[in-house]
Amino acid sequence: MLTNLAWRWSSDATERLSMWVTERSDDQIEGERLLEDGNFVQAEIRLAKAIVEGEKRRQPAKRRIELRLELAEAQRRQFQSGDQLVKLSVAEGIVREALELAYRTQDRQAQLECLDILGTVLADAGKSEALEQVAVEANQVERTLAKPDPLLRVRRLQRLGLARRQSGRVSDAVDALEEAAALCEKTLGPEHSETAGHWTELGDACRFLGQHAKAQKYLQKAIRVHERELGLDSQEAVHDLNLLTGSYEAIGDLDAASALHERILGLKLRTIGVSMDDIAEAQSALAALYVKWNQLSRARELLMEAIGTFKRTKGARLAMAHETLGFVEERCGHYQNALAELANAGKVWESVQDEHTPELIRNLEYRAELMGQMKLVEDAEFLRQRAAALTQASRWAQAS
């Protein structure tokens, strides 16, 4: 999560750096071009030369700060491209040089810029305690500005909250995240996806603390916006759904959890253009939850509908649906029905055996165990021998 936040800070910083328009050297111009083109190694070389040249020419402090921040960005991007941790350490030192220069010249805007980019580097490095210190310092500097940018303040507060949470101080994190969410809602409005993202983070933190009423309030608001703005199957909406489901489960409100998933399934069924396979996958996923919640009747209904759809295309999804239904029948005490569904799954696994031998072996062993419980000793032994033969053949194939 912190990495995604760091990327947004980097984008904001790049836009603001371009506003500094004092004369640039050839090395800086070329370094910036290479940085834009993604040639971070050569960009680092040219920007380092530009810094040396700038010191000789006694360039203005703004220019010297800018060069160091651009150099740090080239180094940070090398870390992102190749996981070179040493580059982050070097980048941190470069940004701290720029920050020291900004403090010496009492340039508040430059101080804030340096602190923001230092936070980006620390976030990439996973230094949560140092990141929190920088976030606090940035908020202090920001209060001295006549017209602070509200969205930048939102993201600083968010950074502070996430740093506190990563340090284990979740209660303190909630205070910062609540302020960030409220300011974002005031600035962008309650229907904006970024506002919803803040509600998600806040709801997750409250859920972690066991404050489920607050968590559910925030997550319900978040999921509605994310579903509308980004889609039912968007990463954000699915994340909200999982968090909200977990909160309902934690307090034992399985009816609310069921209603939440049934609502989403109903929305998908009414969506124009959605494929039947997508609907069947949603039904299978919901059935698995109902099995977990021991609501087996509804799980059976959903699985039978999904199987009817998957029969058109067959494959692994059909086999897994049959196996899940077999498990449901076993839990209900319907052992013959369970064996029939598992046998159906086995036929499908055999049809795709080259890619799913482990699944076929597991299916055979499961059926053998169930047959053993039903005192079908010979049939169970036959399936065990098949499973053992497939296992040995698979080992030989891997060894050859």
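The values are calculated or read from the model by the stated rules, or taken from the named source; none is laboratory data. The model shown is predicted, which means the values in this text are computed figures rather than measured ones. Please note: Cβ atoms are built from the backbone with ideal geometry, for glycine as well, and neighbour counts cover all protein chains shown.
Details
- Residue within segment 40-59 that is modelled with pLDDT of 90 or more, under 30 Å from Q235 (Cβ atoms) and of a type outside the set (A, V, I, L, M) present: yes
- Single residue of segment 184-234 satisfying the filter (among the polar types (S, T, N, Q) and in contact with a His (Cβ under 9 Å, 6 or more places away or on another chain)) that is nearest to G266 (Cα to Cα): S234
- Subset of segment 329-342 (residues that are surrounded by 14 or more Cβ atoms within 10 Å (Cβ to Cβ), free of Cβ contacts under 8 Å to residues at least 40 places away in the same chain and in a helix (DSSP H, G or I)): E329, Y335, N337, A338, L339, A340, E341, L342
- Single residue of segment 221-273 satisfying the filter (polar (S, T, N, Q) and loosely packed, with under 15 Cβ neighbours inside 10 Å) that is nearest to the chain's Cα centre (by Cα): Q235
- Odd one out for K147, checked against (1) of a type outside the set (V, I, T); (2) part of a helix (DSSP H, G or I); (3) closer than 30 Å to R68 by Cβ: (2)
- Any chance Y290 is farther than 28 Å from I264 by Cα, of a type in the set (S, T, Y) and surrounded by 14 or more Cβ atoms within 10 Å (Cβ to Cβ): no
- Segment 293-315 - residue that is surrounded by fewer than 16 Cβ atoms within 10 Å (Cβ to Cβ) and touching an Asp or Glu at 6+ places or on another chain (Cβ under 9 Å) and, of those, modelled with the highest pLDDT: W293
- Flag for W396 being touching a residue at least 24 places away in the same chain (Cβ under 8 Å) and of a type in the set (F, W, Y): no
- Scan segment 106-139 for residues that are outside any helix (DSSP H, G or I) and under 22 Å from A48 (Cα atoms) and the total you get is 0.
Residues checked against (1) part of a helix (DSSP H, G or I); (2) among the β-branched types (V, I, T); (3) touching a Gly at 6+ places or on another chain (Cβ under 9 Å):
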residue	(1), (2), (3)
E229	yes, no, no
A237	yes, no, yes
R263	yes, no, no
G266	yes, no, no
V274	no, yes, no
M304	yes, no, no
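- For I94, the conditions (1) modelled with pLDDT of 90 or more; (2) surrounded by fewer than 18 Cβ atoms within 10 Å (Cβ to Cβ); (3) assigned to a helix (DSSP H, G or I) all hold with the exception of (2).
- Residue match in segment 98-112 (condition: surrounded by 24 or more Cβ atoms within 10 Å (Cβ to Cβ) and within 25 Å of G38 (Cα to Cα)): yes
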